[in-house]
Amino acid sequence: YKVMLNGPAPWGFRLQGGKDFSMPLSISRLTPGGKAAQAGVGVGDWVLYIDGESTSSMTHIEAQNRIRACGDRLCLTLSR
């Protein structure tokens, strides 16, 4: 499923995993009432794409930087 978060940051979630951890990127924490929680994002959801770019080969830092670069709009494709 896809969510579109309107910025600016903070987006209200924390990532875990990444290629450097040999784990898929996923949501490890949500801020209660934050933008991600309001959009229906769940803890444990896998992050498949950030702004249309596949996360399958992204390290944790690359994913964080990609999210930071989004500015006023963050589009995530997630899987439960």
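The values are calculated or read from the model by the stated rules, or taken from the named source; none is laboratory data. Bear in mind that the values here come from a model prediction, so they are computed numbers and not experimental data. All Cβ positions, even for glycine, are placed from backbone atoms using ideal geometry, and neighbour counts span all protein chains on display. All accessible areas refer to the heavy atoms of the entire protein, side chains included, with ligands and DNA or RNA removed. Shrake-Rupley method; radii C 1.70, N 1.55, O 1.52, S 1.80 Å.
General remarks:
- Computed from backbone phi with θ = phi - 60° and the Karplus coefficients 6.51, -1.76 and 1.60, the 3J(HN,Hα) list for the stretch 63-70 is 5, 4, 5, 5, 5, 4, 6, 5 Hz; x is used for glycine and proline.
- Stokes-Einstein diffusion coefficient of the stretch 13-79, Kirkwood radius over Cα pairs, 4 °C, 1.567 mPa s, in µm²/s: 109
- Extension gain, residue 31 back to residue 54 (0.36 nm per residue minus Cα-Cα distance, nm): 5.8 nm
- Given a 1.4 Å probe and the protein chains as shown, residue 59 ends up with an accessible area of around 40 Å².
- A cut-off under 10 angstrom between Cβ atoms defines the neighbours of residue 51, and their net charge, with Lys, Arg +1 and Asp, Glu -1, is +1.
- The order of 21, 13 by accessible area, most exposed first and with a 1.4 Å probe, is 21, 13.
- Coupling constants for the stretch 24-40 follow from the phi torsions by the Karplus curve (6.51 cos²θ - 1.76 cosθ + 1.60, θ = phi - 60°), and in residue order they are x, 5, 8, 7, 9, 7, 10, 7, x, x, x, 4, 5, 4, 5, 7, x Hz; glycine and proline get x.
- Put simply, the amide H of residue 58, placed in the peptide plane, has neighbours under 5 Å in 19, leaving out anything fewer than 5 places away on its chain.
- Here the sum of -39500 (n - 2.57) over DSSP H runs of 4 or more residues, divided by the residues of the chain, equals -4000 deg cm²/dmol at 222 nm, to the nearest 500.
- Residue 51 exposes around 60 Å² of accessible area when a 1.4 Å probe is run over every protein chain in place.
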